[in-house]
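Peer 1: Quick one: the structure is below, and I'll ask about it shortly.
Derivation of every value follows stated rules applied to the coordinates shown; laboratory data play no part. Small disclaimer: the values here were computed from a predicted structure and weren't measured. Cβ placement follows ideal geometry from the backbone for every residue including glycine, while neighbour counts extend to all protein chains displayed.
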Ligand SMILES: NC(=O)c1ccc[n+]([C@@H]2O[C@H](COP(=O)([O-])OP(=O)(O)OC[C@H]3O[C@@H](n4cnc5c(N)ncnc54)[C@H](OP(=O)(O)O)[C@@H]3O)[C@@H](O)[C@H]2O)c1
């Protein structure tokens, strides 16, 4: 049970596909450059939380790996792991390792 | 909701009120995922028991993942597991208040948090926590217990606001004494005095607890959140 970075990106894209129809007037792009959180982000905090939770669950379903993306360690990082799709994928692969 | 059976998680289903609730909702056609530290002898096709301590974060997360894997949904969470202890505050060891807070507060928190993650995905959920009349009645000898349940009320009120946007309601039921093992150790005179302070001075029954829970979890109760309903007119 491990998680490759590619699997993490797939899990995030699937969450984006699921979240998009629920978003009001905006749509997130399936790209590693998509900004999720902070300046220039399209998501409000509740939708960000929902996205991160979907990613956790997708990873668990696809790879059997239980990753905790909303942890103390994640919150206290200087550079938020929620900043972008790329940052989130890096973080997921890192904590699953 | 689809025509698939609704899924409910209940904590503390080995005995007492939790066991009663599990049996009731299984009869109502729910899939019930229960837990307690000990094994439960409840046998039903739609029941699964998880042996865990509600204060153990890893176990709670694993149980919720198992629910997601099996059913892809969670409609209702009843945070019922709880412990009490009758003790003068000057005679209460730190370990006792720790144990009470771990089970009643951290357990409730962890289950509510993990449940909301599953519920949020379908934008629907009902969370019911368990308070007690010992809090508003300021029951002497129950300081640690009443304080832990005061914390549960506070969690209920604030979480209700935080997850409202996800279609999840969070409420609490505050039972009067109900004859179970939990109140078994309280002296009779103390119990009588307590019951005399209720607007309706009788023991509560499990069906009274159930009635409040059923109101909270109805689909029509989507405009009811952040509330604690105390039984017996307390
Ligand atoms: N009965 C009353 O008069 C009354 C009044 C007001 C409020 N309440 C509240 O109602 C709820 C249920 O009480 P009850 O009377 O049914 O109590 P009970 O008969 O003592 O049952 C408690 C249940 O919770 C489980 N449990 C306890 N600690 C646990 C832990 N750390 N992890 C997992 N499971 C745990 C127990 O199973 P294991 O031992 O196997 O873990 C058992 O199934 C509690 O929250 C209580 O505070 C009860």
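Peer 1: Taking the 0 to 90 degree range and rounding to the nearest ten, how far is the long axis of helix A:85-96 tilted relative to the main principal axis of chain A, both from C-alpha atoms?
Peer 2: The two axes meet at around 20 degrees.
Peer 1: Quick one: helix B:107-122 against the long Cα principal axis of chain B, what's the angle to the nearest 10°, folded into 0 to 90?
Peer 2: It works out to around 30 degrees.
Peer 1: Would you tell me the mean number of C-beta atoms belonging to other protein chains that fall within 10 Å of each C-beta in B:58-66, as a whole number?
Peer 2: Shielding by partners across B:58-66 averages 2.
Peer 1: Could you work out [θ]222 nm for the protein assembly as shown from helices alone, using -39500 (n - 2.57) per DSSP H run of at least four and dividing by all its residues? Round to the nearest 500 deg cm²/dmol.
Peer 2: Helix contribution divided over all residues of the protein assembly as shown: -13500 deg cm²/dmol.
Peer 1: Also, quick follow-up: How high is the relative contact order of chain B, in percent, with contacts defined as C-alpha pairs under 8 Å that are six or more residues apart?
Peer 2: With pairs under 8 Å counted, the relative contact order is 18 percent.
Peer 1: Now, a different point. Please rank B:70, B:148, fewest neighbouring Cβ atoms within 10 Å first, as an exposure proxy.
Peer 2: Ranked by crowding around the Cβ, least crowded first: B:70, B:148.
Peer 1: If you average the sequence gap of Cα pairs under 8 Å that are 6 or more apart and divide by the length of the stretch B:23-149, what percent do you get for the contact order?
Peer 2: 26
Peer 1: For the stretch A:5-96, what relative contact order do you get, as a whole percent, if you take Cα pairs closer than 8 Å and at least 6 residues apart?
Peer 2: Computed value for the stretch A:5-96: 37 percent relative contact order.
Peer 1: Rounded, prolate or oblate: which fits the protein assembly as shown when a ≥ b ≥ c are the square roots of the eigenvalues of the alpha-carbon gyration tensor, with rounded for a/c under 1.5 and prolate only if a/b beats b/c?
Peer 2: prolate
Peer 1: Between residue A:76 and residue B:140, how many nm apart are label points set 7 Å from Cα along the C-beta direction?
Peer 2: Using points 7 Å along Cα→Cβ, the separation is 4.4 nm.
Peer 1: Oh, and also: Taking a ≥ b ≥ c as the square roots of the Cα gyration tensor eigenvalues, with a/c under 1.5 meaning rounded and otherwise prolate when a/b beats b/c, else oblate, which class fits the stretch B:91-234?
Peer 2: oblate
Peer 1: Quick one: order B:200, B:31 by neighbouring beta-carbon count within 10 Å, fewest to most.
Peer 2: Ranked by crowding around the Cβ, least crowded first: B:200, B:31.
Peer 1: What is the mean number of Cβ atoms from other protein chains located within 10 Å of the Cβ atom of each residue in peptide B:33-40, rounded to a whole number?
Peer 2: Per-residue shielding by partner chains comes out at 0.
Peer 1: Then there's this: In peptide A:57-67, what is the residue-averaged number of other protein chain Cβ atoms found within 10 Å of each Cβ?
Peer 2: That works out to 2 on average.
Peer 1: Then there is this: Roughly speaking, what is the centre-to-centre gap between the stretch B:1-79 and the stretch A:26-84 when only Cα atoms are used, to the nearest Å?
Peer 2: 28
Peer 1: Oh, and also: Taking a ≥ b ≥ c as the square roots of the Cα gyration tensor eigenvalues, with a/c under 1.5 meaning rounded and otherwise prolate when a/b beats b/c, else oblate, which class fits the stretch A:5-96?
Peer 2: Note, shape of the stretch A:5-96 comes out oblate.
Peer 1: Just to confirm the number: angle between the C-alpha axis of helix A:5-19 and the first principal axis of chain A, 0 to 90 degrees, nearest 10?
Peer 2: 40
Peer 1: Sorted by packing (mean other beta-carbon atoms within 10 Å per residue), highest first, where do B:124-133, B:40-49, B:182-191 land?
Peer 2: The packing order, highest mean first, is B:124-133, B:40-49, B:182-191.
Peer 1: With 10 angstrom as the radius, rank A:27, B:59 by how many other C-beta atoms surround their C-beta, starting from the fewest.
Peer 2: With the sparsest Cβ surroundings first, the list reads A:27, B:59.
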